[in-house]
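The values are calculated or read from the model by the stated rules, or taken from the named source; none is laboratory data. Everything numeric here is computed off the predicted structure, so don't read it as measured data. Every residue, glycine as well, gets a Cβ built from its backbone with ideal geometry; the counts of neighbours run over all protein chains shown.
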Ligand code: SF4
């Protein structure tokens, strides 16, 4: 089937992936491969703006790539690579920064949020983060970028930057990417309160063993109003129920919905069922992960081959960019 165009998406190397990563990004990455030519980057340079230590950068990159491949990203179709393996992105970032007013960057809500979070670490790279992100996207002549509502201002920024660059150098050198509005579900952690994330230690890793998964699931917070086994529950406020809706067959979900409301099922049993279903759903992923992981060189081969393919596209773009700027040859 002819593909509809090229998609780009990048994610910071965060190591072994969890359910939140899977439902929020990886599942969509896998699905997009049907219709688009996909370029997926592990953006290690972006990580440098906030990480305290780089000692785990390589292992985190490896683990993330391994999880992506095990989850169904197909390197024979999609380009999967590490951002820093394509140095052209740094060059384009520099040129784009010359057409970017500083005030526009400091006005972005995400920048203000980062300043609030870590006022002691407001570095130059952090301010220019959206410019590097724009370089990531346009370097590969991307047609479409899947974004959730939160990231929409960043893509709009990228589109404006492309227009400024093309206007400044009088040529339609860079392609303006289109936004693909994507519903990104907010996956709550086992605390049932906050978004699932490693830093909060409220996550369930995809590659955890069935027993580790079961133990994590049994720690999940349920309907806070349901104090005793005999109290009727409210599935609509229960995170375990939200997860059942994703991983449990529809007829069982309907049964849990009904039985919970009349205290016909207890939370312990409900969580046991969920753990079983989750483990069943994750079994093929874990099997594939073990198979690929048995030979770590294959993961690096995928990333190096991806970088080679990415560099070929990037260099073509940069030839036109340098020409448009009229840099001396
Ligand atoms: Fe949640 Fe299930 Fe307990 Fe109902 S029975 S509150 S759905 S864990």
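Tell me whether the stretch 226-242 contains one or more residues that are touching a residue at least 60 places away in the same chain (Cβ under 8 Å) and under 22 Å from the mean Cα position of the chain (by Cα). No, the conditions are met nowhere in the stretch 226-242.
Per the conditions (1) surrounded by fewer than 16 Cβ atoms within 10 Å (Cβ to Cβ); (2) in contact with a helix residue (DSSP H, G or I) (Cβ under 8 Å, 6 or more places away or on another chain); (3) not in a helix (DSSP H, G or I), the sole criterion not satisfied by residue 223 is (1). For residue 163, the conditions (1) surrounded by 15 or more Cβ atoms within 10 Å (Cβ to Cβ); (2) free of Cβ contacts under 8 Å to residues at least 60 places away in the same chain; (3) under 21 Å from residue 107 (Cβ atoms) all hold with the exception of (1).
Per the listing 29, 40, 22, the residue uniquely at pLDDT 95 or above, part of a helix (DSSP H, G or I) and in contact with a strand residue (DSSP E or B) (Cβ under 8 Å, 6 or more places away or on another chain) is 29. A single member of 77, 113, 156 is over 23 Å from residue 7 (Cα atoms) and either assigned to a loop (DSSP other than H, G, I, E, B) or free of Cβ contacts under 8 Å to residues at least 40 places away in the same chain (or both), and it is 113.
State yes or no: is residue 230 in a loop (DSSP other than H, G, I, E, B) and either more than 8 Å from the ligand (Cβ to nearest atom) or surrounded by fewer than 18 Cβ atoms within 10 Å (Cβ to Cβ) (or both)? Here the answer is yes, as residue 230 does meet what is asked.
For every residue, the table says whether it meets (1) in contact with a strand residue (DSSP E or B) (Cβ under 7 Å, 6 or more places away or on another chain); (2) surrounded by 17 or more Cβ atoms within 10 Å (Cβ to Cβ); (3) free of Cβ contacts under 8 Å to residues at least 40 places away in the same chain; (4) not in a helix (DSSP H, G or I).
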residue: 290; (1), (2), (3), (4): no, no, yes, no
residue: 308; (1), (2), (3), (4): no, no, yes, no
residue: 313; (1), (2), (3), (4): no, yes, no, no
residue: 317; (1), (2), (3), (4): no, yes, no, no
residue: 321; (1), (2), (3), (4): no, yes, no, no
residue: 328; (1), (2), (3), (4): no, no, yes, yes
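The single condition from (1) more than 16 Å from residue 205 (Cβ to Cβ); (2) not in a helix (DSSP H, G or I) that residue 13 fails is (1).
Residues checked against (1) more than 9 Å from the ligand (Cβ to nearest atom); (2) out of contact with any strand residue (DSSP E or B) (no Cβ under 6 Å at 6 or more places or on another chain); (3) not in a helix (DSSP H, G or I):
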site: 240; (1), (2), (3): no, yes, no
site: 244; (1), (2), (3): no, yes, no
site: 251; (1), (2), (3): yes, yes, no
site: 256; (1), (2), (3): no, yes, no
site: 259; (1), (2), (3): no, yes, no
site: 265; (1), (2), (3): no, yes, yes
site: 270; (1), (2), (3): no, yes, no
site: 274; (1), (2), (3): no, yes, no
site: 280; (1), (2), (3): yes, yes, no
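Does residue 99 satisfy the criteria of being out of contact with any strand residue (DSSP E or B) (no Cβ under 9 Å at 6 or more places or on another chain), assigned by TED's automatic domain parsing to the domain that holds residue 131 and closer than 28 Å to residue 216 by Cα? Answer is no for this residue. Number of residues in the stretch 147-173 that are more than 20 Å from residue 315 (Cα to Cα) and out of contact with any helix residue (DSSP H, G or I) (no Cβ under 6 Å at 6 or more places or on another chain) equals 15. Examine the stretch 143-151 for a residue that is part of a helix (DSSP H, G or I), touching a residue at least 24 places away in the same chain (Cβ under 8 Å) and surrounded by 14 or more Cβ atoms within 10 Å (Cβ to Cβ), and state whether such a residue exists. No, because not a single residue in the stretch 143-151 is part of a helix (DSSP H, G or I), touching a residue at least 24 places away in the same chain (Cβ under 8 Å) and surrounded by 14 or more Cβ atoms within 10 Å (Cβ to Cβ).
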